[in-house]
Amino acid sequence: MAAAVAATALAGCGGSASGSDDGKPELSVSSAYMPQPVSASMAAGFLTITNKGGATDELTSVTSDDAGDITVHKTVGGAMEEVSTLTVPAHGRLVFRSGGNHLMFDGLKRRPEQGQTVPVQLHFAKSGVLKVEMPVKPATYNPATGH
Ligand code: CU
């Protein structure tokens, strides 16, 4: 499942010139958002992690000063399943989106309101910690995919 998504993303991007396999991941985060949740007890988060480097990395955990616990879920056949790690492919992307991979926030200290941001720390096996300010969007927000 993850491999198929990665292959599609790579094909869609057209690929960059070869020869940049420097053996380490180069991660960046884009399109992060949280649909405004109905309560502080549970919320979802979405984002895209792009890897421009020549080595894979692994998302190993996600934390936030504003949440008691954040788990990583993937959706399999309409049901969500908690996973301990997700791979970010070399020269590829790991995409979290509605109906697919998502972050689940538990025990938020306050109910996030539209216009606010929620600080999130993404922990990777090789790249260490990436910090993201996740903007809170309307509950029905669902960005068009593609680039
Ligand atoms: Cu979930």
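The values are calculated or read from the model by the stated rules, or taken from the named source; none is laboratory data. Because the structure is predicted, anything quoted here is derived from the model rather than measured. Glycine also receives a Cβ, built like all others from the backbone with ideal geometry; neighbour counts cover every protein chain displayed. In case anyone asks, the SASA skips ligands and DNA or RNA and just uses the protein heavy atoms, side chains included. Shrake-Rupley method; radii C 1.70, N 1.55, O 1.52, S 1.80 Å.
How about the range 84-147: which strands (runs of 3 or more DSSP E) wholly inside it have at least 1 residues that are in contact with a helix residue (DSSP H, G or I) (Cβ under 9 Å, 6 or more places away or on another chain) and within 16 Å of the ligand (Cβ to nearest atom)?
Qualifying strands (runs of 3 or more DSSP E): 86-88, 92-95.
Do we find that GLY53 is more than 15 Å from the chain's Cα centre (by Cα) and free of Cβ contacts under 8 Å to residues at least 12 places away in the same chain in this structure?
no
Restricting attention to the range 102-125, report how many residues are open to solvent by 60 Å² or more (accessible area, probe 1.4 Å) and in contact with a Leu (Cβ under 9 Å, 6 or more places away or on another chain).
Residues in the range 102-125 being open to solvent by 60 Å² or more (accessible area, probe 1.4 Å) and in contact with a Leu (Cβ under 9 Å, 6 or more places away or on another chain): 1 in total.
Please state which one of ALA79, ALA90, ALA125, ALA139 is more than 14 Å from the chain's Cα centre (by Cα), of a type in the set (A, V, I, L, M, F, W, C) and within 16 Å of PRO35 (Cβ to Cβ).
ALA139
Among the residues of the range 34-70, count how many are open to solvent by less than 20 Å² (accessible area, probe 1.4 Å) and either within 16 Å of the ligand (Cβ to nearest atom) or within 13 Å of LEU130 (Cα to Cα) (or both).
15
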